[in-house]
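Presented below is the structure to which this report refers.
The values are calculated or read from the model by the stated rules, or taken from the named source; none is laboratory data. Keep in mind the model is a prediction, meaning the values are calculated, not measured. In this analysis, Cβ positions are derived from the backbone assuming ideal geometry, glycine residues included, and neighbour counts consider all displayed protein chains.
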Amino acid sequence: MSVAVTKSRYQSEEFSARLRRRYAAERRFRIAGMLAVGIASLMLVVLLGSIVSKGYTAFWQAQIRLEVTLDKQQVEERNYTALVRQALYAQVPAATDRATRRLLNDLLSSGAPYELEAMVNANPSIVGTTQTVWVRADDEIDQFMKGFIRRDVPEAERRLSDVKIAAIDALVAKGSIRSTFNTTLFTAGDSREPEQAGILGAVVGSALTLVVTMLLSVPIGIAAAVYLEEFAPKNRWTDLIEVNINNLAAVPSIIFGLLGLAVFLGFFGLPRSAPLVGGLVMALMTLPVIIIASRVALKAVPPSIREAALGVGASPLQTVTHHVLPLALPGILTGTIIGMARALGETAPLLMIGMVAFIVDIPGGLTDSATAIPVQIYMWADSPERAFTERTSAAILILLAFLILMNGLAVFLRKKFERRW
Amino acid sequence: MSVQTHIPATAMASRPAAGIHGTKMVARDVKVFYGAKQALKGINLEIQENRVMALIGPSGCGKSTFLRCLNRMNDTIENCRVEGLIALDGEDVYGKSIDAVQLRARVGMVFQKPNPFPKSIYDNIAYGPRIHGIASHRDEMDEIVQTSLKRAGLWNEVKDRLREPGTGLSGGQQQRLCIARAIAVSPEVILMDEPCSALDPIATAHIEELIDELRENYTIVIVTHNMQQAARVSQKTAFFHLGDMVECDDTEEIFTNPRDERTQGYITGRYG
């Protein structure tokens, strides 16, 4: 008896077994956690890997070298198509008959004559001389060069005929086809021809939309949050407003699109497809996110700071603007940028207000017709050409780059302005 | 156990109540409600000029609530209702002639937990004078900052690092910084809500010395849980219990010869 008593309850066999079970449970939990992180990382790698592997080729574009003799009369008649074609025929001397030459015309991008014209316009002194020009190849040639159109497939099932392939081989043999960085992708608007299509129109459209969104939602959102958090009496009405704001943050974005369609286009008669309307709709969508994030950030400021400011005789507004708001700013900024990033990636509401149109021109103002990056991705994904597949992935990469940039900015600002107390 | 054993005799004798002290603040039948709950049940109190009044009593007795009525800090609390009269120099602080912001410039406050702004030491002090437009140029502001820090006994410790954040100081230094901040706006009354409860004994001794010195220029009301502290720093003590002000008298009188048995019980440590 006395021996058993001296042994503590925590030294018993039963307790040791219980302790082992507790540690085992912890180990299982850790393993489950690591598995979850592992699976999530794997998914991310697969997603990014798939997009990068499909999209990186879009950043290169095949070009064909032409020795163009800029005949004065042809230039005056603006017959650049003929000039370009003659130069091409000269590159492939084997093709002599009309039928083959007509097929050869397809090797060049339909934009090639315009490239030449732009060159001449930029430097009229070259008229009458012979110039070496690299012009864009047609998207099918580009795809063939990248290996997406295979020559071992029977001709009937192939996008490129044997004649064209023979011509390409001849050009390759002469070193007249090269692969260059695809600047068009970054400097052009949309096009039906993949080799002439670029993302710039969509990027500018997205930027204009975001500017409107930011100018509207940031000041209104922060002011609303400050009022609700610092000044508003806590009663049934403010409770109701709070519940509604929280609900609005969860409303599907397409509903906001419908609202924008009904109110901004239908009632106010604002122009269709305009970044102005897109920005207004996105602002409505982003407001609840910003208000909620700002309120959380304001709540996190210790009440002792408010008391300190009030205690030395600061007015309530001074307390907020001098002390509470600066301390809440990192949180507000983070919330705002994340809201903006969400708006940047949003497609559905833009479909409703007509920002899904095929627009070649780069928008120059808030009321010009425009589209946005995610909508551009959607439209390219819908196009049948093989070359648009890689451009879709490339556009996704560009969108991801912007999102990473914005989130990086959020982290940077948070670190920069974060204060401790 | 004798009451006397709690109180060092030297402390009692240090500052005899000399001269005639005018009345700085008056409370008449002050009742405070938090929603339906009544926190103060009709407090009558006179606070004399250039003296230290200590408010003691068990937790939840309403002493902090009363203190916060004196500069209307309770205004910021939702559902808080104040009845009765509180006057500063004969003017009703809840009346139309006094604005809450103006009142808080005249009646400064030091809080239980040191709460310096997350700004530099200099800006902590300069903030109040700046918003009230007390200093017209830089030199004047530097002067105010220096004087305030000197009065708070912090100058020698921080004079070389005025640009460093006030939150980087130790707890006791932070509290003295808060006192300096309160002094900087030249208030008439300083309210202190358990200013030493978060501090170690050495920092506490520092602050107590400081309170004793500040008495020459300011009227001070201090809430404390530490009865030795009340005895050391105050000339008048009011004992609060369950929302009532049980007894208010000269500190010496309260600690040596309490009239009410609740006071007797509290100061001898039977409860509270």
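A few notes on this one:
- Matching strands (runs of 3 or more DSSP E) fully within segment B:164-252 where at least 1 residues are crowded, with 22+ Cβ neighbours inside 10 Å and under 15 Å from the mean Cα position of the chain (by Cα): B:189-193, B:219-223, B:236-241
- Residue within segment B:66-81 that is out of contact with any Phe, Trp or Tyr (no Cβ under 6 Å at 6 or more places or on another chain), in a strand (DSSP E or B) and more than 9 Å from every other protein chain (Cβ to nearest Cβ) present: no
- Filtering segment A:89-129 to residues that are among the polar types (S, T, N, Q) and either surrounded by 12 or more Cβ atoms within 10 Å (Cβ to Cβ) or in a loop (DSSP other than H, G, I, E, B) (or both) leaves A:Gln91, A:Thr96, A:Thr100, A:Asn105, A:Ser109, A:Ser110, A:Asn123, A:Thr129.
- From the list A:Val163, A:Val211, A:Val153, the one residue that fits, being modelled with pLDDT of 90 or more and either among the hydrophobic types (A, V, I, L, M, F, W, C) or assigned by TED's automatic domain parsing to the domain that holds A:Met355 (or both), is A:Val211.
- Scanning segment A:266-275 for residues that are in a helix (DSSP H, G or I) and crowded, with 19+ Cβ neighbours inside 10 Å turns up just one, A:Pro275.
- Number of positions in segment A:286-315 that are in a helix (DSSP H, G or I) and over 30 Å from A:Gly257 (Cβ atoms): 11
- Qualifying position, being surrounded by 21 or more Cβ atoms within 10 Å (Cβ to Cβ), farther than 16 Å from A:Val212 by Cβ and either modelled with pLDDT under 90 or of a type in the set (Val, Ile, Thr) (or both), among A:Ile377, A:Ile404: A:Ile377
- So A:Pro349, is it part of a helix (DSSP H, G or I), more than 30 Å from A:Thr187 (Cβ to Cβ) and touching a Phe, Trp or Tyr at 6+ places or on another chain (Cβ under 7 Å): no
- The one condition in (1) within 13 Å of chain A (Cβ to nearest Cβ); (2) in contact with a strand residue (DSSP E or B) (Cβ under 8 Å, 6 or more places away or on another chain) that B:Ile121 fails to fulfil: (1)
- Odd one out for B:Thr219, checked against (1) touching a helix residue (DSSP H, G or I) at 6+ places or on another chain (Cβ under 9 Å); (2) within 24 Å of B:Arg68 (Cβ to Cβ): (1)
- Residues of segment B:65-110 satisfying the condition of being among the aromatic types (Phe, Trp, Tyr) and surrounded by fewer than 22 Cβ atoms within 10 Å (Cβ to Cβ): B:Tyr94
- Of all residues in segment B:149-163 being under 15 Å from B:Val110 (Cβ atoms) and part of a loop (DSSP other than H, G, I, E, B), the one that is nearest to the other protein chains (Cβ to nearest Cβ): B:Ala152
- Among the residues making up segment A:164-203, those that are among the β-branched types (Val, Ile, Thr) and surrounded by 14 or more Cβ atoms within 10 Å (Cβ to Cβ) are A:Ile165, A:Ile168, A:Ile177, A:Thr184, A:Ile199, A:Val203.
- Restricting A:Glu76, A:Glu67 to residues that are within 30 Å of A:Thr129 (Cβ to Cβ), out of contact with any Lys or Arg (no Cβ under 7 Å at 6 or more places or on another chain), charged (D, E, K, R) and in contact (Cβ under 8 Å) with a residue 60 or more places away in the chain narrows the list to A:Glu67.
- Qualifying residue in segment A:291-311 (condition: in contact with a Pro (Cβ under 8 Å, 6 or more places away or on another chain), surrounded by 21 or more Cβ atoms within 10 Å (Cβ to Cβ) and away from every other protein chain (no Cβ under 14 Å)): yes
- Residue check, B:Pro114 more than 8 Å from chain A (Cβ to nearest Cβ), more than 29 Å from B:Cys80 (Cβ to Cβ), touching a Ser or Thr at 6+ places or on another chain (Cβ under 9 Å) and touching a residue at least 12 places away in the same chain (Cβ under 8 Å): no
- Answer from B:Ile86, B:Ile98 - the residue that is among the aliphatic types (A, V, I, L, M), within 14 Å of another protein chain (Cβ to nearest Cβ) and either farther than 30 Å from B:Thr204 by Cα or not in a loop (DSSP other than H, G, I, E, B) (or both): B:Ile98
- Test set (1) touching a residue at least 60 places away in the same chain (Cβ under 8 Å); (2) over 37 Å from the mean Cα position of the chain (by Cα) - A:Arg98 fails condition number: (1)
- In the set A:Ala341, A:Ala395, A:Ala328, only one residue is assigned to a helix (DSSP H, G or I) and more than 28 Å from A:Ile291 (Cβ to Cβ); that residue is A:Ala395.
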